[in-house]
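The values are calculated or read from the model by the stated rules, or taken from the named source; none is laboratory data. Remember, predicted model here, so these are calculated numbers, not experimental data. Please note: Cβ atoms are built from the backbone with ideal geometry, for glycine as well, and neighbour counts cover all protein chains shown.
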Amino acid sequence: MDKITALIVDDEQDSRETLRNYVGKYCPQVSLIGESSNIIEARAAILKHQPQLVFLDIEMPHGNAFDLLEQWGEINFEIIFITAFSQYAVQAFNLSAAHYLLKPVDIEELEKAVATVEQLLSQKEKLNHANILLENMAALHSQNRKLVLPLMEGFDVVRMSEILYCEAEDNFTRFYFMDGRKTLICRNLKFYETALDAFGFFRVHRSHIINLEYVKRYNKGKGGSVVLENETEIIVANSKKGELVKRLVN
């Protein structure tokens, strides 16, 4: 495979210089073909150079990264977002399986993100993570947001409202859907606990996360149990009982 052509978009000169040096030293599969310091320059550079990859800082003068991306219909390049604000990353980025780096950029994380992009570019069918990210950020109702689930052979994109519950299977997570489907995802339950918690999901036990939208009944007991709309009964850990009741009432 030829080298990946890439642009750096960041308003801070020191940040651009650091990333340029890191990419040159640690990412030999990448060829940097330009740099921009704001979204106006970035739009012109992307149209001119047609890069395969853009290292894109989120907060910049004259608008942020999302203002830039909304100017495209279908985004035809990969993006590695760069941000100093971890709150961007924890939810929207993880849900969309978008690539991101936190400032200051960690070399190992940079290498990992570039390797993932390289793998995606080699695949015939590409999933546009950036478009899903934009859609998620615009979704008014949290359960309308989309979740990207990595599979061995690609990705599955689902709406949160389709998910009934998740179950831990060693270091994997089994997703159960409202239509009866189920699928095994190669990420652990802790990852999805963090990604889904703010969107109406709750970890009721070390092995289960449930969609609170579909709780049909709560049975009292030591910890109790919840019955979901498809009549699946899931045990609630005693330590989770108080928070679960609070979440259900609210």
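Some points to look at:
- Neighbours by Cβ (under 7 Å, 6+ apart or cross-chain): first from the stretch 52-72, of a type in the set (Val, Ile, Thr); second assigned to a loop (DSSP other than H, G, I, E, B) and surrounded by 15 or more Cβ atoms within 10 Å (Cβ to Cβ): VAL54/PHE77; ILE58/ASN64
- Qualifying residue in the stretch 200-211 (condition: under 26 Å from GLN119 (Cβ atoms), surrounded by 14 or more Cβ atoms within 10 Å (Cβ to Cβ) and not assigned by TED's automatic domain parsing to the domain that holds GLN119): no
- Matching residues in the stretch 167-213 - criterion: being touching a Phe, Trp or Tyr at 6+ places or on another chain (Cβ under 7 Å) and part of a helix (DSSP H, G or I): LEU212
- Considering only residues in the stretch 212-247 that are surrounded by 15 or more Cβ atoms within 10 Å (Cβ to Cβ) and among the hydroxyl-bearing types (Ser, Thr, Tyr), the one that is nearest to LEU147 (Cα to Cα) turns out to be TYR214.
- Filtered residue count, the stretch 24-56, keeping only those that are in contact with a Phe, Trp or Tyr (Cβ under 8 Å, 6 or more places away or on another chain) and within 23 Å of GLU111 (Cβ to Cβ): 5
- Count of the stretch 173-184 residues which are more than 19 Å from VAL204 (Cβ to Cβ) and either modelled with pLDDT of 95 or more or in contact with a Lys or Arg (Cβ under 8 Å, 6 or more places away or on another chain) (or both): 2
- Among the residues of the stretch 222-250, those that are at negative phi and of a type in the set (Gly, Ala, Ser) comprise GLY223, SER225, ALA237, SER239, GLY242.
- Selection status of ARG20, of a type outside the set (Gly, Ala, Ser) and modelled with pLDDT of 95 or more: yes
- Consider the stretch 22-44 and keep the residues that are over 26 Å from PHE66 (Cα atoms) and without any contact (Cβ under 8 Å) to a residue 40 or more places away in the chain. The one that is surrounded by the most Cβ atoms within 10 Å (Cβ to Cβ) is GLY24.
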